[in-house]
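Below you'll find the structure, written out as structure tokens, and then a few comments.
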There are 2 protein chains.
Amino acid sequence: MGSNKAAMKFDLHKSIEILERTPLVVEAMLKGVSEEWTAKNEGPDTWSAYDIVGHLVHGEKTDWMARMEIILSDSTNKKFTPFDRFAQFKDSRGKSLQQLIDEFKTLRKKNLLKLRLKKIDSTELLKRGIHPEFGKVNLKQLLATWVVHDLNHIAQIARVMAKQYKTEVGPWVEYLPILNR
Amino acid sequence: MGSNKAAMKFDLHKSIEILERTPLVVEAMLKGVSEEWTAKNEGPDTWSAYDIVGHLVHGEKTDWMARMEIILSDSTNKKFTPFDRFAQFKDSRGKSLQQLIDEFKTLRKKNLLKLRLKKIDSTELLKRGIHPEFGKVNLKQLLATWVVHDLNHIAQIARVMAKQYKTEVGPWVEYLPILNR
């Protein structure tokens, strides 16, 4: 069995391992899949797989890199712009799921190239910005959050799709924790 | 926003869409990733990504197809063998994660080929077997469960990996539901 001893410490290289895979994971999950799986959500005020990919695209455009730039800049204004968690409902309009996936792949690749070129060192990882709610956060926490945010939405895509079969599994529903979240 | 109106009805073709993608999703998530992500679990009596892939391999060998055969057979003994949810701790011994992923890919491909060749019709989907705990279940429910079981473990792999950065995200922990499950 695996072990959880010695929780993992932040590591830029290992973070990029996850970040560079996410668009490929999303594509493996959703490319060519019937709309019944990808367009439905979990009920009122929840997101479909399509909505989630739109949200990931928006994050690449306006959130992660912009916040990193604020932290690393020489400006004294270190305040982050609040992240619009509903922007995708406007931004994705008229786009197919495959277009959104392609956009996510392209943007993520560009962003990771930029990130690598910055050759961030351990001192820079401790530089800080001001989060609209939490106050001071550092670059290391922002980058770790980017990774966990990806994994969170991969799990969410799996859950939204699973929920479409909630009644079809019959009595097995009680053995499947994903259907009860 | 997506809609959840009219819950999805079981569809064999659409079920296979998910089943055939799972090994590729798992590979996209885990291939070439550092052991720190894949060998650690969420704490005592929980599974690492490595353990989860071993569990998926075991399911291909002993669970889903075997139960389908019991349901479709002419035998009057319709009882399923209980599924050993800990078999992977013995079976995976000595195998690398990549070996397990390859094994999963091969077994799933064979099983889906067998499934397709059976050309299951709507009458057969209602044939039943006896689950060791639930009693009567039908083939449609078994196959829907196979799909949801895949998605459940994809979400679990994402969660186990995310948990490795639980302290590294700092105050963002409260915005990331995956870290609080």
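The values are calculated or read from the model by the stated rules, or taken from the named source; none is laboratory data. These numbers were taken from a predicted model, which means no experiment stands behind them. Here the Cβ positions follow ideal geometry from the backbone for every residue, glycine too, while neighbour counts run over all protein chains shown. Note: areas computed on protein heavy atoms with side chains; ligands, DNA, RNA excluded. Shrake-Rupley method; radii C 1.70, N 1.55, O 1.52, S 1.80 Å.
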Point to revise | Distances in nm from A:Arg128 to the matching label points in the other copies, shortest first (labels 7 Å along Cα to Cβ) | key: 6.5
Review point. If you put a point 7 Å past Cα along the Cβ direction, how far is that point for A:Lys61 from the same point in each other copy, in nm, smallest first?
Key: 4.9
Check your understanding: Tell me, what ³J(HN,Hα) does each residue in segment A:108-124 have, in order and in whole Hz, if you take phi through Karplus 6.51 cos²θ - 1.76 cosθ + 1.60 with θ = phi - 60° and put x for Gly and Pro?
Key -> 4, 4, 4, 5, 6, 5, 4, 4, 5, 5, 6, 6, 4, 9, 5, 6, 5
Practice item. Any chance you could check the Cα centroid distance between segment B:65-96 and segment A:3-71 for me, in angstrom? Key: 34
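Mind putting a number on the dipole of segment A:27-181 about its Cα centre? Charges go on the C-beta only, +1 for Lys and Arg and -1 for Asp and Glu, and I need it in Debye to the nearest 20.
660
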Point to revise | Zone of A:Lys9's modelled label, taken as backbone nitrogen in segment A:144-166 under 18 Å from a point 7 Å along Cα→Cβ | key: A:144-145
Review point. With every protein chain left in place, what is the accessible area per residue of the protein assembly as shown in square angstrom, probe 1.4 Å?
Key: 46
**Study point:** Surrounding net charge for A:Asp102, when Lys and Arg each add one and Asp and Glu each subtract one, Cβ distance under 15 Å
**Key:** +3
Review point. Residue by residue through segment A:91-100, which ³J(HN,Hα) values in whole Hz follow from phi under the Karplus form 6.51 cos²θ - 1.76 cosθ + 1.60 (θ = phi - 60°), with glycine and proline marked x?
Key: 4, 7, 3, x, 9, 7, 4, 5, 4, 5
**Study point:** Interface area, A with B, accessible, probe 1.4 Å, both sides summed, Å² nearest 100
**Key:** 6500
Point to revise | Dipole in debye (nearest 20) - segment A:91-170, about Cα centre, beta carbon charges: Lys, Arg +1; Asp, Glu -1 | key: 280
Point to revise | Calculated FRET efficiency for the pair A:Gln98/A:Thr46, C-beta based, R₀ 22 Å, to 0.05 | key: 0.45
**Study point:** Per-peptide average of other Cβ atoms within 10 Å, ordering B:147-155, A:10-18 highest first
**Key:** B:147-155, A:10-18
Review point. Under the definition of partner shielding as Cβ atoms of other protein chains within 10 Å of a residue Cβ, what is the mean value for peptide A:135-148?
Key: 5
Point to revise | For B:Arg181, residues with placed amide H under 5 Å, excluding near neighbours | key: none
Practice item. Considering the options B:Ala7, B:Gly129, B:Thr76, tell which one lies farthest towards the positive end of the dipole of chain B, charges being +1 on Lys and Arg and -1 on Asp and Glu at the Cβ, about the Cα centre. Key: B:Thr76
**Study point:** Percent RCO, i.e. relative contact order, over chain A, from Cα pairs under 8 Å lying at least 6 residues apart
**Key:** 29
Exercise for review: Could you let me know the centre-to-centre spacing of segment B:100-164 and segment A:123-178, using Cα atoms, in angstrom?
Suggested key: 25
Review point. Short version: ³J(HN,Hα) in whole Hz for each residue of segment B:151-168, in order, from phi by Karplus 6.51 cos²θ - 1.76 cosθ + 1.60 (θ = phi - 60°), x for Gly and Pro, what are they?
Key: 5, 4, 7, 5, 4, 5, 4, 4, 5, 4, 5, 4, 4, 4, 9, 3, 7, 5
Point to revise | Top positive-direction residue, dipole computed over segment B:24-117 with Cβ charges, set B:Ala28, B:Leu117, B:Thr38 | key: B:Leu117
Exercise for review: Taking H placed 1.01 Å from N in the peptide plane, check which residues at least 5 places from A:Trp47 or on another chain put their amide H under 5 Å from its amide H.
Suggested key: A:Glu42
Review point. Is segment A:101-181 best put as rounded, prolate or oblate by its Cα gyration tensor, with a ≥ b ≥ c the root eigenvalues, rounded for a/c under 1.5, and otherwise prolate when a/b is larger than b/c, oblate when not?
Key: prolate
Practice item. Shortest first and in nm with one decimal, please list how far the A:Gln99 label point sits from its counterparts in the other copies (point 7 Å along Cα→Cβ). Key: 4.7
Review point. Carbon and sulfur: what percent of the protein assembly as shown's accessible surface (1.4 Å probe)?
Key: 53
Practice item. Could you sort B:98-109, B:120-131, A:116-127 so that the peptide with the highest average Cβ count within 10 Å comes first and the rest follow in order? Key: B:98-109, B:120-131, A:116-127
Practice item. Pop out a list of residues from segment B:26-49 that are at least 30 Å² less accessible with all the protein chains around than in their chain alone; 1.4 Å probe, no ligands or nucleic acids counted. Key: B:Ala28, B:Met29, B:Val33, B:Ser34, B:Glu36, B:Trp37, B:Lys40, B:Asn41
